[in-house]
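The values are calculated or read from the model by the stated rules, or taken from the named source; none is laboratory data. Please read all numbers here as calculations on a predicted model, not as lab measurements. Every residue, glycine as well, gets a Cβ built from its backbone with ideal geometry; the counts of neighbours run over all protein chains shown.
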Amino acid sequence: MEPLQLLAPDGTLTGDVPDGLDEDRLVGMMRLMLLGRRLDQKAIALQRRGKLGTYAPLSGQEAASVGSSFAMDPDVDHLVPQYREQLAMLHWGLPLGTYLLQRYGHPRGAELPEHRRLYPQQVALAAHAPHATGLAWGLRLRGERAAVICHFGDGASSEGDAHEAMNLAGVTGAPVIFVIQNNGWAISVPLHLQTRGVIARRADGVGIAGERVDGNDVLAMYAATRRARARALDGGGATLIEAVTYRLGAHTTADDPTKYVDADELEDARTRDPLTRYRTWLTGAGLWDEAREEAAVAWIDETVDEAVRVFDAAGPVDPGAMFDHVYADEPPRLARQRAEYLAALGGGA
Ligand SMILES: Cc1ncc(C[n+]2csc(CCOP(=O)(O)OP(=O)(O)O)c2C)c(N)n1
Ligand SMILES: [Mg+2]
């Protein structure tokens with residue numbers, strides 16, 4: 001099943017520029033992709049300085065996140081993301097400072113914009129997929145013209161929750177788009193130990209539309225998701241989009257991929273870098289040049305630095321805060337755990 005591609009790895013346009021992308025949006029996609037690449041560098045440095053907990057880098061997957069997000073309408077659509085979707089969340093209006101606070105474990109990091117239908121990053125694999133189907137089913141029952149997009153990985157796609165969510169979406173005709181980011185790895189487990197089938201074909205088994213897309217091609221990702229959204233809004237139900245991509249960095253800052261990724265495989269993947277490809281095409285189309293790149297980088301650095309200032313000003317976290325807001329009335333077992341934990345830390349707050 002050949003993945004849909006509109007931009008070849010050398011930046012040649014092999015199809016048409018999809019509808020719905022004017023010059024501002026074409027440039028906006030480049031800027032958000034660049035932000036992702038630089039955010040990885042900055043966030044990894046912050047983590048090494050003890051300022052963030054764990055961080056999941058997204059380098060290599062920028063096109064899949066950004067192309068699928070730009071095809072949705074953050075004013076009306078729901079975003080139900082896995083943990084590597086920081087760019088989608090920023091597109092939905094999450095302030096970068098809030099995102100960094102969340103990675104620090106600060107309670108203020110849980111404050112999502114109230115005017116947007118944006119949900120927390122899911123770490124429990126695919127546990128958010130049934131919620132996405134439920135939200136979409138609700139939209140359908142209420143006759144609301146909106147859709148839900150739910151991202152997760154090739155590893156998460158093995159979870160029962162993923163299968164149940166897709167099957168229920170088929171049965172209910174829910175307007176939900178599952179974007180499966182097939183980056184070849186679930187931490188150190190390669191795809192062939194995860195499944196022997198083509199992920200996009202699972203759509204047939206549950207009676208929803210399925211597309212296999214070059215996930216390093218931002219135009220193809222945009223086109224496929226736009227089509228899926230139109231189908232969802234027209235009552236055509238759910239779509240599964242398999243974004244064939246590659247994770248160029250570590251799984252998280254707690255991982256060392258040199259222990260399990262072959263150097264040649266990584267080198268080969270670098271020839272399909274989504275940023276290089278899009279930059280080449282955009283430059284040829286007269287929409288990008290060195291001056292624009294420099295301006296974008298300056299804007300990104302300023303945005304990240306401002307976020308770090310917000311983050312620094314937020315102050316230290318009370319370790320006991322993680323027990324707050326779990327229950328209205330704290331059960332005795334949790335109270336005991338809180339006391340034990342704080343005692344182990346040396347009797348803090
Ligand atoms: C239910 C569950 N089991 C195990 C884990 C531990 N875990 C975290 S990430 C991960 C791999 C996920 O791979 P994938 O879904 O492909 O996403 P990727 O990290 O590649 O973006 C695992 C096993 C978890 N978070 N949740
Ligand atoms: Mg994966």
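Would you pick out the residues in the range 221-250 that are among the aliphatic types (A, V, I, L, M) and assigned to a strand (DSSP E or B)? Can you show your working first?
Let us first name the residues in the range 221-250 that are among the aliphatic types (A, V, I, L, M), namely 221, 223-224, 228, 230, 232-233, 238, 240-241, 243-244, 248, 250.
Passing the criteria: 240, 241, 243, 244.
What are the residues in the range 310-326 that are surrounded by 10 or more Cβ atoms within 10 Å (Cβ to Cβ) and not hydrophobic (A, V, I, L, M, F, W, C), if any?
Correct list: 312, 318, 319, 320, 324.
Could you please give the count of residues in the range 278-309 that are surrounded by 13 or more Cβ atoms within 10 Å (Cβ to Cβ) and of a type in the set (Gly, Ala, Ser)?
Looking only at that region, the number is 3.
All but one of (1) more than 24 Å from residue 227 (Cβ to Cβ); (2) at pLDDT 95 or above; (3) surrounded by fewer than 23 Cβ atoms within 10 Å (Cβ to Cβ) hold for residue 53; which doesn't?
Going through the list (1) more than 24 Å from residue 227 (Cβ to Cβ); (2) at pLDDT 95 or above; (3) surrounded by fewer than 23 Cβ atoms within 10 Å (Cβ to Cβ), residue 53 breaks only (2).
Conditions: (1) modelled with pLDDT of 95 or more; (2) surrounded by fewer than 13 Cβ atoms within 10 Å (Cβ to Cβ); (3) in the same structural domain as residue 100 (by TED's automatic domain parsing); (4) not in a loop (DSSP other than H, G, I, E, B). Residue 336 meets all but one. Number of the miss?
(3)
How many of the residues in the range 71-83 are crowded, with 24+ Cβ neighbours inside 10 Å and farther than 12 Å from residue 177 by Cβ?
Number of matching residues: 2.
Among the candidates 43, 64, which residue alone is touching a residue at least 40 places away in the same chain (Cβ under 8 Å), within 20 Å of residue 98 (Cβ to Cβ) and either within 15 Å of the chain's Cα centre (by Cα) or surrounded by 15 or more Cβ atoms within 10 Å (Cβ to Cβ) (or both)?
That would be 43, the only listed residue that is touching a residue at least 40 places away in the same chain (Cβ under 8 Å), within 20 Å of residue 98 (Cβ to Cβ) and either within 15 Å of the chain's Cα centre (by Cα) or surrounded by 15 or more Cβ atoms within 10 Å (Cβ to Cβ) (or both).
May I ask you to verify whether residue 79 is under 22 Å from residue 219 (Cα atoms), touching a residue at least 60 places away in the same chain (Cβ under 8 Å), in the same structural domain as residue 225 (by TED's automatic domain parsing) and of a type in the set (A, V, I, L, M)?
Numbers: under 22 Å from residue 219 (Cα atoms): yes; touching a residue at least 60 places away in the same chain (Cβ under 8 Å): yes; in the same structural domain as residue 225 (by TED's automatic domain parsing): yes; of a type in the set (A, V, I, L, M): yes.
Yes; evaluated as a whole, the condition is true for this residue.
Determine which member of the set 232, 223 is modelled with pLDDT of 95 or more, more than 18 Å from residue 129 (Cα to Cα) and more than 12 Å from ligand 2 (Cβ to nearest atom).
Exactly one of 232, 223 is modelled with pLDDT of 95 or more, more than 18 Å from residue 129 (Cα to Cα) and more than 12 Å from ligand 2 (Cβ to nearest atom), namely 223.
Which residue, of 184, 215, 153, 197, is more than 20 Å from the chain's Cα centre (by Cα) and within 16 Å of ligand 2 (Cβ to nearest atom)?
Result of the check over 184, 215, 153, 197: 197.
Here's the yes/no breakdown for (1) basic (Lys, Arg); (2) more than 25 Å from residue 79 (Cβ to Cβ):
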{"position": "207", "(1), (2)": "no, no"}
{"position": "211", "(1), (2)": "no, no"}
{"position": "216", "(1), (2)": "no, no"}
{"position": "222", "(1), (2)": "no, no"}
{"position": "232", "(1), (2)": "no, no"}
{"position": "241", "(1), (2)": "no, no"}
{"position": "259", "(1), (2)": "yes, yes"}
{"position": "264", "(1), (2)": "no, yes"}
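Of the numbered conditions (1) touching a strand residue (DSSP E or B) at 6+ places or on another chain (Cβ under 8 Å); (2) more than 29 Å from residue 186 (Cβ to Cβ); (3) assigned to a loop (DSSP other than H, G, I, E, B), residue 281 fails exactly one; give the number of that condition.
Every condition holds for residue 281 apart from (3).
Identify, by number, the condition in (1) away from ligand 2 (no atom under 16 Å from the Cβ); (2) crowded, with 21+ Cβ neighbours inside 10 Å that residue 126 doesn't meet.
Looking at each condition in turn, residue 126 falls short on (1).
Residues being part of a helix (DSSP H, G or I) and either buried (at least 21 other Cβ atoms within 10 Å of the Cβ) or in contact with a Phe, Trp or Tyr (Cβ under 8 Å, 6 or more places away or on another chain) (or both): count how many of those fall in the range 203-220.
Looking only at that region, the number is 4.
Only one of (1) touching a strand residue (DSSP E or B) at 6+ places or on another chain (Cβ under 6 Å); (2) over 13 Å from residue 78 (Cα atoms) is not met by residue 118, so which one is it?
The one condition residue 118 does not meet is (2).
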